[in-house]
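The values are calculated or read from the model by the stated rules, or taken from the named source; none is laboratory data. All values derive from a computational prediction rather than experimental measurement. Don't worry about glycine lacking a Cβ; one is built from the backbone with ideal geometry, like all the others, and counts go over all protein chains shown. For accessibility, only protein heavy atoms count, side chains too; no ligands or nucleic acids. Shrake-Rupley method; radii C 1.70, N 1.55, O 1.52, S 1.80 Å.
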Amino acid sequence: MYLISFFILVFLLGGIPFGLLISRYWLKIDIRQQGSGNIGMTNVMRVGGKLPGLLTLLLDFGKGSVAVLLAKTFIPDMVIDIETQKIFLSLAGVIVVCGHVFSVFLRFKGGKGISTLFGVLAVLHLNIGICAGIVWLVMFFWKHISSLSGITMLTVLPWLFLLIPWVKNESPVWPVFFLFLLLSSLLVYKHLENIKRLLKGQEGQLSTSTVSYTHLTLPTKA
């Protein structure tokens, strides 16, 4: 029961809609009615500017990091082996991302989960987080399309849980690999509308140097 309560807490933490709160109390708008309608960093930045977008990124990132840190604090009370610890931490990370995607505070709707996922990886497995971040950045600096960067990163991510241990001559933790394979598949599915626009050449680019508050009614999808 204690374990179930912990995972419920993590799910609720993931569900805090920081992008919506920032847009409502800072920008005085409902971000769900602007741009792409997404509550994540990309849409907040395009609609509201750099600072609101970056704050959304940091807070969503923080949710993921805090969830794994809480799980690490919880572990000393449990007598489990190293592999089970990795599975437990990974499960906490997956749940907090799912909490963001299916926010209980937004009737089980939410964001795309990329920022929260990076927060999870930063604490759970920094090497994998860095590699995933490099993939995201390379694609972003090439195409300047946030959604394409996220989709590319998600496609690569699960295999890093096999590649990095192989490089270090360690055995992969297969349940962790499958957890992130399922999570990545879910998040790619959440990008389905973005994928459709990408195939049509209609997906908007994100140029932070030109973002301003004058884009509040910009119809371009993020």
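Tabulated data for the structure shown
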item	result
Count of residues meeting criterion [assigned to a helix (DSSP H, G or I) and in contact (Cβ under 8 Å) with a residue 12 or more places away in the chain] in segment 10-60	29
Some residue of segment 159-166 being of a type in the set (Phe, Trp, Tyr), in contact (Cβ under 8 Å) with a residue 12 or more places away in the chain and under 16 Å from LYS86 (Cβ atoms)	yes
Restricting segment 101-140 to residues that are surrounded by 14 or more Cβ atoms within 10 Å (Cβ to Cβ) and of a type in the set (Phe, Trp, Tyr), the residue that is modelled with the lowest pLDDT	PHE140
Extreme residue, most open to solvent (accessible area, probe 1.4 Å), among residues of segment 24-44 that are in contact with an Asp or Glu (Cβ under 8 Å, 6 or more places away or on another chain) and modelled with pLDDT under 95	MET41
Hits in segment 81-100 (condition: buried (at least 24 other Cβ atoms within 10 Å of the Cβ) and farther than 14 Å from ALA71 by Cβ)	HIS100
Verdict on LEU3 being open to solvent by 40 Å² or more (accessible area, probe 1.4 Å) and at pLDDT below 95	yes
Leading residue by the ranking (farthest from HIS125 (Cα to Cα)) among those in segment 64-83 that are in contact (Cβ under 8 Å) with a residue 24 or more places away in the chain and more than 16 Å from the chain's Cα centre (by Cα)	PHE74
Residue within segment 117-130 that is out of contact with any Lys or Arg (no Cβ under 9 Å at 6 or more places or on another chain) and part of a loop (DSSP other than H, G, I, E, B) present	no
Residue check for LYS86: part of a helix (DSSP H, G or I), of a type in the set (Lys, Arg) and over 18 Å from the mean Cα position of the chain (by Cα)	yes
Output for segment 38-55, where each listed residue is over 14 Å from SER103 (Cβ atoms) and not hydrophobic (A, V, I, L, M, F, W, C)	THR42, ASN43, ARG46, GLY48, GLY49, LYS50, PRO52, GLY53
Matching residues in segment 131-160 - criterion: being outside any helix (DSSP H, G or I) and closer than 24 Å to GLY99 by Cβ	none
Identity of the residue in segment 166-207, among the small types (Gly, Ala, Ser) and open to solvent by 40 Å² or more (accessible area, probe 1.4 Å), that ends up nearest to the chain's Cα centre (by Cα)	SER185
Any chance ILE128 is aliphatic (A, V, I, L, M) and within 19 Å of VAL68 (Cα to Cα)	yes
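Quick grid of which residues meet (1) closer than 19 Å to SER5 by Cβ; (2) aromatic (Phe, Trp, Tyr); (3) in contact with a strand residue (DSSP E or B) (Cβ under 9 Å, 6 or more places away or on another chain):
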residue	(1), (2), (3)
GLY49	no, no, no
GLY64	no, no, no
PRO76	yes, no, no
PHE88	yes, yes, no
VAL101	no, no, yes
PHE108	no, yes, no
LEU117	no, no, no
